[in-house]
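Engineer: What follows is a single structure, and I will ask about it in a moment.
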Amino acid sequence: MSPPTSTRSSLGEALAGWPPPVLDPAGPFAQRITDLSWALFAMAVVVTGVVVVAVWAAIWGPPGLKRKLGGEKLIWAGGVAFPVVALTALLVWGLTLTARLTEAPTGEELRIRVAGEQWWWRVAYLDRQGREVIEDANEVHIPVGRPVVFEVTSNDVIHSFWVPRLMGKVDMIPGRINTLRLIADRPGSYGGQCGEYCGGAHALMGFVVVAHEPAELRRVLAARAAAARPPATELTRLGYQVFNRSGCGSCHAIEGTPANGLAGPNLTHVGARRSLGAGILPMNQGTLGGWISNVHDIKPGARMPPYGALSGEELRAVAAYLDSLK
Ligand code: CUA
């Protein structure tokens, strides 16, 4: 009989999410924040330990020790001098460690503007002059090993831009642009999440940052910069018609078609995105159909109205059309 594996598998399961993203940095800036977190944590453990021992000694310790603990010297040393020195040192160290994270762009980096919306992310890639050259949503593509500058803002309430494995949180404030830089060490997808409560669907406001090798990034961005491909099958042609006659284009833009709405996410290459609904569902025709027919079942409070009145065939057709926009 083989030995029981339950202990190992349950331990394995318990550790399946370990390390959590905040303690698993994938770039030098996130590494600094992780180092700072561990240092603060270690400091807190030591101080808590000393306090627990002192309390124990003050209650149950020998009379000689109790007298020493109650002495004025210890209060000045442990209660005033130590906190002032330790906290000042930590503050200075923390500020120098994080100062580089918010440096202004030098002009060499890829610049990306991200605006928070209830409850999704408006993404624009900027050229050297700061003009928006590609519009996208809920997904950001960056190069590996090179700094990227994000200029974050908001179009409604305060949100917070946060990719735990790459960078700390930065508030997105209406009427203001905050900058942050980050570097990804390795290619891959990194999950992001709104880090500030911004209304009912706050927890459903995620996004994806994808880091590519430079040649691959050029290919991806060139594809995103192109106009949408026209519908090529009977089903997608029907979907295109349904999209237009249902008024979808008054909120969504699809470059190369009459759809030019600005209220909702740009859909020019929606089918190429990794997620639907701002990081909460995989992107495919099934999830697209469910989203369009009743978005509020998936994301309560979303600004988009449900289109439950579409027939099954129309719904399939719109989903197929959107999915074809790679
Ligand atoms: Cu946006 Cu929380």
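Engineer: I want to confirm something. Restricting to segment 274-315 and keeping residues that are charged (D, E, K, R) and in a loop (DSSP other than H, G, I, E, B), which single residue is surrounded by the fewest Cβ atoms within 10 Å (Cβ to Cβ)?
Structural biologist: Filtering segment 274-315 for residues that are charged (D, E, K, R) and in a loop (DSSP other than H, G, I, E, B), the one surrounded by the fewest Cβ atoms within 10 Å (Cβ to Cβ) comes out as 274.
Engineer: To continue, here is another question. Got a number for residues in segment 137-167 being within 16 Å of the ligand (Cβ to nearest atom) and not acidic (Asp, Glu)?
Structural biologist: 16
Engineer: Can you tell me which residue in segment 168-179 is nearest to the chain's Cα centre (by Cα), limited to those that are within 16 Å of the ligand (Cβ to nearest atom) and assigned to a strand (DSSP E or B)?
Structural biologist: 170
Engineer: Just the residues that are out of contact with any Lys or Arg (no Cβ under 8 Å at 6 or more places or on another chain) and β-branched (Val, Ile, Thr), please, taken from segment 136-158.
Structural biologist: 140, 142, 157, 158
Engineer: May I pose another question? Which count do you get for residues in segment 184-200 that are more than 10 Å from the ligand (Cβ to nearest atom) and either in a strand (DSSP E or B) or under 14 Å from the mean Cα position of the chain (by Cα) (or both)?
Structural biologist: Within segment 184-200, residues that are more than 10 Å from the ligand (Cβ to nearest atom) and either in a strand (DSSP E or B) or under 14 Å from the mean Cα position of the chain (by Cα) (or both) number 6.
Engineer: Just one of 228, 203 is more than 16 Å from the ligand (Cβ to nearest atom) and small (Gly, Ala, Ser); which is it?
Structural biologist: Values: 203 fails: more than 16 Å from the ligand (Cβ to nearest atom).
The conditions single out 228.
Engineer: Okay, next question. One residue is enough: does segment 263-273 have a residue meeting the conditions free of Cβ contacts under 8 Å to residues at least 24 places away in the same chain and either closer than 18 Å to residue 134 by Cβ or part of a helix (DSSP H, G or I) (or both)?
Structural biologist: The answer is no; no qualifying residue exists.
Engineer: I would also like to ask the following. Can we say residue 188 is closer than 20 Å to residue 270 by Cβ and in contact with a strand residue (DSSP E or B) (Cβ under 7 Å, 6 or more places away or on another chain)?
Structural biologist: Considered against the rule, which asks whether it is closer than 20 Å to residue 270 by Cβ and in contact with a strand residue (DSSP E or B) (Cβ under 7 Å, 6 or more places away or on another chain), residue 188 comes out as no.
Engineer: Are there any pairs with C-beta distances below 8 angstrom linking a residue in segment 227-242 that is in contact (Cβ under 8 Å) with a residue 24 or more places away in the chain and in a helix (DSSP H, G or I) to a residue that is among the β-branched types (Val, Ile, Thr) and surrounded by 15 or more Cβ atoms within 10 Å (Cβ to Cβ), with the two at least 6 apart or on different chains, and if so which?
Structural biologist: If the second residue must be among the β-branched types (Val, Ile, Thr) and surrounded by 15 or more Cβ atoms within 10 Å (Cβ to Cβ), the pairs left are 239/318; 240/257; 242/318.
Engineer: Tell me the residue from 117, 108 that is more than 16 Å from the ligand (Cβ to nearest atom) and either surrounded by fewer than 22 Cβ atoms within 10 Å (Cβ to Cβ) or not aliphatic (A, V, I, L, M) (or both), please.
Structural biologist: On inspection, the qualifying residue turns out to be 108.
Engineer: I would also like to ask the following. Please specify each residue of segment 94-121 satisfying the condition of being within 22 Å of the chain's Cα centre (by Cα) and part of a loop (DSSP other than H, G, I, E, B).
Structural biologist: 103, 104, 105, 109, 118, 119 - these are the residues of segment 94-121 that are within 22 Å of the chain's Cα centre (by Cα) and part of a loop (DSSP other than H, G, I, E, B).
Engineer: Quick one: would you say residue 101 is surrounded by 12 or more Cβ atoms within 10 Å (Cβ to Cβ), under 26 Å from residue 42 (Cβ atoms) and touching a Leu at 6+ places or on another chain (Cβ under 8 Å)? Full working, then the answer.
Structural biologist: Details: surrounded by 12 or more Cβ atoms within 10 Å (Cβ to Cβ): yes; under 26 Å from residue 42 (Cβ atoms): yes; touching a Leu at 6+ places or on another chain (Cβ under 8 Å): yes.
Spelling it out, residue 101 is indeed surrounded by 12 or more Cβ atoms within 10 Å (Cβ to Cβ), under 26 Å from residue 42 (Cβ atoms) and touching a Leu at 6+ places or on another chain (Cβ under 8 Å).
Engineer: Which pairs do you get when a residue that is closer than 16 Å to residue 78 by Cβ, found in segment 49-64, comes within reach of a residue that is assigned to a loop (DSSP other than H, G, I, E, B) and not polar (S, T, N, Q), reach meaning Cβ atoms under 8 angstrom, with the pair 6+ apart or on two chains?
Structural biologist: Pairs found: 58/70.
Engineer: Does residue 124 fit the bill of being assigned to a strand (DSSP E or B), out of contact with any helix residue (DSSP H, G or I) (no Cβ under 8 Å at 6 or more places or on another chain), surrounded by fewer than 19 Cβ atoms within 10 Å (Cβ to Cβ) and not hydroxyl-bearing (Ser, Thr, Tyr)?
Structural biologist: Numbers: assigned to a strand (DSSP E or B): yes; out of contact with any helix residue (DSSP H, G or I) (no Cβ under 8 Å at 6 or more places or on another chain): yes; surrounded by fewer than 19 Cβ atoms within 10 Å (Cβ to Cβ): yes; not hydroxyl-bearing (Ser, Thr, Tyr): yes.
Yes, satisfied.
Engineer: Quick check: anything in segment 207-218 without any contact (Cβ under 8 Å) to a residue 12 or more places away in the chain, among the hydrophobic types (A, V, I, L, M, F, W, C), more than 21 Å from residue 19 (Cα to Cα) and more than 9 Å from the ligand (Cβ to nearest atom)?
Structural biologist: Within segment 207-218, one or more residues are without any contact (Cβ under 8 Å) to a residue 12 or more places away in the chain, among the hydrophobic types (A, V, I, L, M, F, W, C), more than 21 Å from residue 19 (Cα to Cα) and more than 9 Å from the ligand (Cβ to nearest atom).
A short reminder: the numbers here are calculations on the coordinates, not readings from a lab. Just so it is clear, the structure is predicted and the values come from calculations on it, not from any experiment. Backbone-built Cβ (ideal geometry, glycine too); neighbour counts: all protein chains shown.
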